[in-house]
Amino acid sequence: MEAVVTFPKRALYLYKTAKQKLIHIMINKAIILGNLGADPEVRHLENGVSVATINVATTETYKDRNTGERVSNTEWHRIVLWRGLADVAEKYLKKGDQVYIEGKIETRQYQDQAGVTKYTTEIVGRELKMLGSRRDRDQSANPQQAAAPQAQPQVTHAQQNATVEDPLKAPANAAPANSPADDDLPF
């Protein structure tokens, strides 16, 4: 017995239309979540544009079916960051930091010192997110300072209960007068 599948005309039309549109869509997107292998290399071009190059390692770990051993494969990714992202990388990123990067894959050619044409593939970053807490990054940058306990800002009772008419004169840690904390909502 053969099963016969019938589609309503509208559904068949939508399927054909979607299929035709998908033919014209192309995506070049890379997502990398890994650790920096070294501090960023930053260059400032003659026109003032900053360019940072970072190498990010991603490691895949799996169990070998034959031997039962854990196997790790590390892949290195060369990532180029331009302008504002390069400035952020220069200022905040250090070796070992974990980063999330979205970008596109580009292959370019260049000539080495011997005049031989070579090709390199790299990811041009469009989005950069620094992962881990700020404290973790501070500890990796200055281990002696990280060992000292962090002083918590002291808030007096008067500051907690104060309502300030001019928000520009408000203490930095005072809540605004009509904040959500003031309402009587049960949730």
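Quick notes on this one:
- Rounded to whole Hz, the Karplus (6.51, -1.76, 1.60) HN-Hα couplings of region 68-80, x for glycine and proline: x, 7, 7, 10, 10, 10, 9, 10, 9, 10, 8, 10, 10
- Of the residues VAL71, ALA38, THR120, the one whose Cα sits farthest toward the positive end of the charge dipole of region 26-147, with +1 on the Cβ of Lys and Arg and -1 on the Cβ of Asp and Glu, is VAL71.
- Sorting the segments 93-106, 113-126 by their residues' average number of neighbouring beta-carbon atoms within 10 angstrom, most packed first, yields 93-106, 113-126.
- For region 26-147, the relative contact order works out to 26 percent when only alpha carbon pairs closer than 8 Å and six or more residues apart are counted.
- Remark: for residue pairs LYS104/LYS129; LYS29/LYS129; LYS91/LYS129; LYS29/LYS95, the C-alpha separation exceeds 21 Å in LYS29/LYS95.
- All Cα pairs of region 26-147, percent lying beyond 22 Å: 47
- The magnitude of the dipole of region 26-147, with charges of +1 and -1 set on the Cβ of Lys/Arg and Asp/Glu and taken from the Cα centre, is near 220 debye.
Each value in this text was obtained by applying a stated rule to the coordinates, not by laboratory testing. Please read these numbers as outputs of a predicted model, since none were measured by experiment. Cβ atoms come from the backbone with ideal geometry, glycine included; neighbour counts cover every protein chain shown.
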